[in-house]
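**Q** Have a look at this one.
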Amino acid sequence: MKLEAVPLSGAMGAEVCGADLRQIDDNTFAAIHAILLKYGMIFFRDQDITPSQQLNLARRWGEPHFHPYMPGLPDHPEIIEVVKNPEDNHTFGGNWHTDQMFTPTPAMGTMLYAKEVPATGGDTMFGNLYLAYESLSNGMKAAIGDLRTFNLYDKKKGRSAEMRGKLKQPEKPAEPAEHPLVRPHGETGRPVLYISYERITRHIVGMTEEESLPLLDYLRRHSTRPEFTCRLRWTPGTLAFWDNRCVQHMALNDYHGQRRVMHRITLRGERTS
Ligand code: SIN
């Protein structure tokens, strides 16, 4: 296969053209992974794949990570069906976040496959966390370089009854996780500003929530500056994969009265130091 990467914005993201995801050999996968490391989020249009083929492709990157609260498909428990029905108000993933940062081993990457998309709306935003870190002043870099964050998923806190109704009872409650606020990427070694929204990244370790809030608020606003982002318009059969070690994302909730169905697999990541 002859692959071509077409950048989506100045900050990140690329369409990969020329791949049939049902049949990827080792060399093609190595080329796709190199494009992922360069652009943080890659996507492929017009792919017609079954859940088993999606799972086989995802396994090229590693072992699936089971979400403690989201149920999987009956025949493929590794795949979460992310559904928003016309009558629903809430959208899954509607805040800037990196996946499963509330666990000690946050997801390495996430694969999302569009099954049914609204006529308009339902795009996903992505943000480059390398750029978020690199664009801080030297003073801020020095101030936050050794800080760690406390992260926790609380099924009830700030979640609507509609969303809580879609969550399953976990085998054991989520344990809090501490992560470096400046995290080196496991493969490239480049530092990223590693942060999530306020219901996950609660406070700086050693500070109260109140004390941490001004700094975390600033860093959250900074990390989502438009010039660090790209926006993916989904079409049926679009498959995206993003690197949670250097990318945050947010699903846009702007398609009320329409239906959107996505198949999502997350890959187990490494323990942060
Ligand atoms: C997610 O946060 O993984 C969902 C993203 C989306 O549905 O666009």
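**Q** Restricting attention to the range 210-226, does a residue exist that is assigned to a loop (DSSP other than H, G, I, E, B) and under 17 Å from residue 125 (Cα atoms)?
**A** Narrowing the range 210-226 to residues assigned to a loop (DSSP other than H, G, I, E, B): 224-225.
Pick out the ones that are also under 17 Å from residue 125 (Cα atoms) and you get 224-225.
Yes, the range 210-226 has at least one match.
**Q** To continue, here is another question. Of the residues 245, 260, which single one is within 13 Å of the ligand (Cβ to nearest atom), buried (at least 20 other Cβ atoms within 10 Å of the Cβ) and either of a type in the set (Lys, Arg) or more than 17 Å from the chain's Cα centre (by Cα) (or both)? Outline the logic, then answer.
**A** Working: 245 fails: within 13 Å of the ligand (Cβ to nearest atom).
Result of the check over 245, 260: 260.
**Q** Kindly indicate whether residue 111 is under 14 Å from the mean Cα position of the chain (by Cα) and hydrophobic (A, V, I, L, M, F, W, C).
**A** Values: under 14 Å from the mean Cα position of the chain (by Cα): yes; hydrophobic (A, V, I, L, M, F, W, C): yes.
Taking the combined requirement at face value, the residue satisfies it.
**Q** Consider only pairs whose beta carbons are under 8 Å apart and that are at least six residues apart or on different chains; among these, list those whose first residue lies in the range 226-237 and is away from the ligand (no atom under 14 Å from the Cβ) and whose second residue is of a type outside the set (A, V, I, L, M) and open to solvent by less than 10 Å² (accessible area, probe 1.4 Å).
**A** Partner pairs satisfying both residue conditions: 228/127.
**Q** Just checking, which of 89, 27 is open to solvent by 40 Å² or more (accessible area, probe 1.4 Å) and at pLDDT below 95? Full working, then the answer.
**A** Values: 27 fails: at pLDDT below 95.
Of 89, 27, the one residue that is open to solvent by 40 Å² or more (accessible area, probe 1.4 Å) and at pLDDT below 95 is 89.
**Q** So residue 268 fits all but one of (1) touching a Gly at 6+ places or on another chain (Cβ under 8 Å); (2) open to solvent by 50 Å² or more (accessible area, probe 1.4 Å); (3) away from the ligand (no atom under 16 Å from the Cβ); what number is the exception?
**A** So the condition that residue 268 fails would be (3).
**Q** Is it the case that some residue within the range 34-55 is free of Cβ contacts under 8 Å to residues at least 24 places away in the same chain, open to solvent by 40 Å² or more (accessible area, probe 1.4 Å) and among the aliphatic types (A, V, I, L, M)?
**A** If we filter the range 34-55 for residues that are free of Cβ contacts under 8 Å to residues at least 24 places away in the same chain, which is where we start, we get 34, 50.
Remaining after also requiring open to solvent by 40 Å² or more (accessible area, probe 1.4 Å): 34, 50.
Those still in the list that are among the aliphatic types (A, V, I, L, M) too: 34.
Scanning the range 34-55, I find at least one residue that is free of Cβ contacts under 8 Å to residues at least 24 places away in the same chain, open to solvent by 40 Å² or more (accessible area, probe 1.4 Å) and among the aliphatic types (A, V, I, L, M), so the answer is yes.
The values are calculated or read from the model by the stated rules, or taken from the named source; none is laboratory data. This structure is a prediction, so every number in the text was calculated from the model and none was measured. Positions of Cβ are backbone-derived with ideal geometry, glycine not excepted, and every protein chain shown enters the neighbour counts. Heads up: the accessible areas ignore ligands, DNA and RNA and are worked out on the full protein's heavy atoms, side chains in. Shrake-Rupley method; radii C 1.70, N 1.55, O 1.52, S 1.80 Å.
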